[in-house]
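Data first, discussion second: the structure below is written as structure tokens.
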Amino acid sequence: MQGLIPSTYYHDQAVLGIEYERIFRRTWYFMGFTSDLAKNDDYISAEVAGKPIMVQNFEGKLRAFLNVCSHRFSQIRCDRKGNGPLRCPYHGWTYDAEGIPVGIPSRPRFDGLTDAVIRSLALQNYRVDVCGTLVFVALDASTPTLRQFLGAAWDRLEMMSSSFGEMIDRNELEMECNWKIAVENTLESYHVTFVHPKTFKMLGASGTDFQFEGIHSVWHANVSESVEKQMAKLQGTLGSRPFKVAGYLHQLVFPNLTVATTYGNSFAVQQIVPRSATSTSFTSYVFATKLEDSKDVKEAVRTMVNESVVEFNRAVFSEDKTICEAVQRGIRNGVGTGQLSDEELRVADFQKHYAAAMALSPGSTNS
């Protein structure tokens, strides 16, 4: 089948601006994990569609704001995460849970800074919501609720993320490629034999058991017999894990978040964030599973399992980085939209929803 996205859309900076407006600002954007916001004054921050956004815990209530001080427009939160009152580092303006500046040093020196004016200086706020342990924000007020947005994927994501135990790795890669190249690469196994011959191929994940859930999709795959035998040996160690699935499962949350697991033994969350039309930040978080009964689990076994999972994921993503950058170098000279096989149906589905969001007409795909 023919692809739907013109090759020029993978390297045109003007296209990225349209994507920010029509895709990233109109969907729910993954910000982080509830574990990062467990205490009062815990916060996380990120750039979302070109806007600096922060989420903070105010006495147990999560609030999301534009991360820009109303005084003279300094960024307020300069770290990815941390803890502390919502205070600008430049002149010390401090904000409450409604985003209103309630602490203004030398306030009498400001002419006309009445209570009404101060209220008008409240930080722009956004909706924030949680599915399991995943924290999302929505920049557009017209975006459906998070539960409506996730649809059929809600229950699965809630169960999976609620089964996250200790975070055992965070790996951030800067890729010299368009974000869509990185996303599409995660959605198909056609490349595995050639790109991952000694890593992901050894898992033996195969098949086209795809489910399409609105704009999202999921792949359930069998694994090789040898992997099945290895996993069977771990049942004594990991048998009390709360989320159990046969084989490999890979979930896409449109447009740029994936959650994957093998047997529910561990979990990998990947977020793919555009930095420019030809550069992408790829961040992977790996979690061990929670265990409902861990008293008999030997620490040495748990450590061995965790270390092997981290090593495997880092190797796979390094190989993905290399091939995605090769695609980027080639796509500048690409003509048309490419061809897709039935192993790439999730790529086709991603492109379908991307094209709809971007209002791509059939004629525009001939670029």
Residue that is nearest to PRO255 (Cα to Cα), among those in segment 158-197 that are surrounded by 20 or more Cβ atoms within 10 Å (Cβ to Cβ) and among the aliphatic types (A, V, I, L, M): VAL183
Failed criterion for GLY112 (all others in (1) without any contact (Cβ under 8 Å) to a residue 24 or more places away in the chain; (2) touching a Leu at 6+ places or on another chain (Cβ under 7 Å) hold): (2)
Search result, residues across segment 286-327 that are at pLDDT 85 or above, out of contact with any strand residue (DSSP E or B) (no Cβ under 9 Å at 6 or more places or on another chain) and of a type in the set (Asp, Glu): GLU311, GLU319
Residue that is surrounded by the most Cβ atoms within 10 Å (Cβ to Cβ) [pool: residues in segment 237-258 that are more than 13 Å from the chain's Cα centre (by Cα) and of a type in the set (Phe, Trp, Tyr)]: TYR248
Complete set of residues in segment 1-36 that are open to solvent by 10 Å² or more (accessible area, probe 1.4 Å), of a type in the set (D, E, K, R) and not in a loop (DSSP other than H, G, I, E, B): GLU21, ARG22, ASP36
Residue within segment 82-97 that is over 21 Å from LEU146 (Cβ atoms), of a type in the set (Gly, Ala, Ser), outside any loop (DSSP other than H, G, I, E, B) and open to solvent by 40 Å² or more (accessible area, probe 1.4 Å) present: no
Helices (runs of 4 or more DSSP H) contained in segment 171-211 and holding at least 3 residues farther than 16 Å from SER341 by Cα: 179-186, 200-203
Among the residues listed as SER74, SER45, the single one being under 30 Å from LYS180 (Cβ atoms), at pLDDT 95 or above and of a type in the set (S, T, N, Q): SER45
Filter result for VAL273 (of a type in the set (A, V, I, L, M, F, W, C), over 18 Å from ALA153 (Cα atoms) and not in a helix (DSSP H, G or I)): yes
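Based on what the data block shows, is VAL218 buried (at least 19 other Cβ atoms within 10 Å of the Cβ), within 21 Å of GLU319 (Cα to Cα) and hydrophobic (A, V, I, L, M, F, W, C)?
Here the answer is no, as VAL218 does not meet what is asked.
State all residues of segment 264-273 that are over 11 Å from the mean Cα position of the chain (by Cα) and either crowded, with 22+ Cβ neighbours inside 10 Å or of a type in the set (Val, Ile, Thr) (or both); if no residue qualifies, say none.
SER266, PHE267
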Count of segment 61-81 residues which are among the charged types (D, E, K, R), without any contact (Cβ under 8 Å) to a residue 40 or more places away in the chain and either crowded, with 21+ Cβ neighbours inside 10 Å or closer than 22 Å to TYR29 by Cα (or both): 4
Residues (surrounded by fewer than 22 Cβ atoms within 10 Å (Cβ to Cβ) and either out of contact with any strand residue (DSSP E or B) (no Cβ under 7 Å at 6 or more places or on another chain) or aromatic (Phe, Trp, Tyr) (or both)) located in segment 37-46: ALA38
Some residue of segment 139-146 being in a helix (DSSP H, G or I), under 23 Å from SER45 (Cα atoms) and open to solvent by less than 70 Å² (accessible area, probe 1.4 Å): yes
Lone unmet requirement of (1) open to solvent by 10 Å² or more (accessible area, probe 1.4 Å); (2) hydroxyl-bearing (Ser, Thr, Tyr); (3) closer than 23 Å to LYS229 by Cα for THR261: (1)
Condition broken by ARG302, with the remaining ones in (1) under 30 Å from VAL137 (Cα atoms); (2) crowded, with 16+ Cβ neighbours inside 10 Å satisfied: (1)
Residue match in segment 52-60 (condition: polar (S, T, N, Q) and crowded, with 22+ Cβ neighbours inside 10 Å): yes
Number of positions in segment 98-119 that are within 29 Å of the chain's Cα centre (by Cα) and open to solvent by 50 Å² or more (accessible area, probe 1.4 Å): 1
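The values are calculated or read from the model by the stated rules, or taken from the named source; none is laboratory data. Note that the structure is predicted; figures quoted are calculated from it, not measured. Every residue, glycine among them, receives a Cβ derived from its backbone with ideal geometry; neighbour counts consider all protein chains shown. Just so you know, the surface numbers come from the protein's heavy atoms only, side chains and all, with ligands and any DNA or RNA stripped out. Shrake-Rupley method; radii C 1.70, N 1.55, O 1.52, S 1.80 Å.
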